[in-house]
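Quick note: the coordinates plus some simple rules give every number you see, no bench work behind them. The model shown is predicted, which means the values in this text are computed figures rather than measured ones. In this analysis, Cβ positions are derived from the backbone assuming ideal geometry, glycine residues included, and neighbour counts consider all displayed protein chains.
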Amino acid sequence: MIPKRDFLALPDLSTEELLNVLARAGRLKRGEERPTLAGKNLALVFRKSSTRTRVSFEVAMNQLQGHAVVISDRDSQLGRGEPLADTARVLSGYVDGIMIRTFAHSDVEELAHHASVPVINGLTDLLHPCQLLADLQTVQEEFGADLSGRTVAWIGDGNNMANSWINAAHRTGFDLRLACPEGYDPDAGILERARTSVDVVLTRDPAEAVSGADVVTTDVWASMGQEEEVELRAQAFDGFCVDGALMERAHPDAIFLHCLPAHRGEEVTTQVIDGPRSRVFQEAENRLHAQKALLVELLG
């Protein structure tokens, strides 16, 4: 029996496996490959609301001739306190894979531990690996398949996206510079591991991080679950908005990425996100293609 494989973090894939998934994502987008997951069923468990994650996974399974079942706290026993371990065992008897989007990363790990089918991390407060698949695909489309030697600048909170960019650098070899305010650093363990294999710089100066970068990327300053911190974070992140002046410090061919949803006028200006350097909607579309490739890898 082939052991099941989970995708909880980018390093769950080797460098070769990750590049193969990205190559397949490109072929799927260009219509050069038409794999099938006919007869396969994927449970989509949402403890956090979603637009891109839900639609992209549902459409992905539909296009692969499989089926997706959406489950939320509102319409399942999870919302009434059923243990994740029990949910994992029950769903494993019904479906061929489980995607979960939730708060605590430990919940994803617990689900994966008790499930006998592959589990995919659709987002936790610690990591957002599926988004990074799409982001890396977008960077490849702009600069070529070899990501080593490129420089990515992250501006803002050391959140799940920052942690996932660190994991991506660790796996693919590009240089990463993170500009985060004091007190909003990325996960120390993830950062320490990446620094064993790649150049990762943590600074308090957005201009230093962006200087000469090929990719400039950011995220909202207050994510879901942090609504009470909006005013505090707005003060802490003063000066961390990606505007036209900051983008001018990047490489002349640099692109801008954002995982969306965006707050124009806060972490990024309208000029940048809707400007010629922005690839955010190409990036959003690539969630579909990258996740199709991942699903074929795990369920095919």
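To the nearest 10 degrees, how steep is helix 129-143 against the longest Cα principal axis of the chain, on a 0 to 90 scale? Taking the Cα atoms of the chain, the angle to 129-143 is about 50 degrees.
For a 19 Å ceiling on Cα separation, which of these pairs sit above it: LYS29/LYS292; LYS4/LYS40; LYS4/LYS29?
Numbers: LYS29/LYS292 10 Å; LYS4/LYS40 15 Å; LYS4/LYS29 26 Å.
Result: LYS4/LYS29 exceed 19 Å.
Converting phi to 3J(HN,Hα) with the Karplus coefficients 6.51, -1.76 and 1.60 and the offset θ = phi - 60°, region 169-185 yields 4, 4, 7, 10, x, 7, 7, 10, 10, 10, 10, 10, x, 4, x, 10, 6 Hz in sequence order, with x at every glycine or proline.
Charges at C-beta only: +1 for Lys and Arg, -1 for Asp and Glu. How large is the resulting dipole of region 130-283 about its Cα centre, in Debye rounded to 20? Its charge dipole is roughly 420 debye. In a DSSP loop and with at most 16 other Cβ atoms within 10 Å, the GluC sites (Glu not before Pro) in region 30-106 are GLU32, GLU33.
In whole Å, what is the distance between the alpha-carbon centres of region 95-134 and region 5-34? So the two Cα centres are separated by 17 Å.
For PHE7, the residues whose amide H sits under 5 Å from its own are VAL119, ILE120, ASN121, ignoring neighbours fewer than 5 places away on the same chain, with H placed 1.01 Å from N.
Over the Cα atoms of region 74-216, each weighted equally, I'd like the Debye log10 I(q)/I(0) at q = 0.09, 0.19, 0.22 Å⁻¹, rounded to two decimals. With one equal scatterer per Cα and no solvent, log10 I(q)/I(0) is -0.35, -1.05, -1.26.
Rounded to the nearest 20, the Cβ-based charge dipole of the chain about its Cα centre (Lys and Arg +1, Asp and Glu -1) stands at 1160 debye. Listed by Cβ neighbour count within 10 Å, with the fewest neighbours leading, GLU109, GLU231 appear as GLU231, GLU109.
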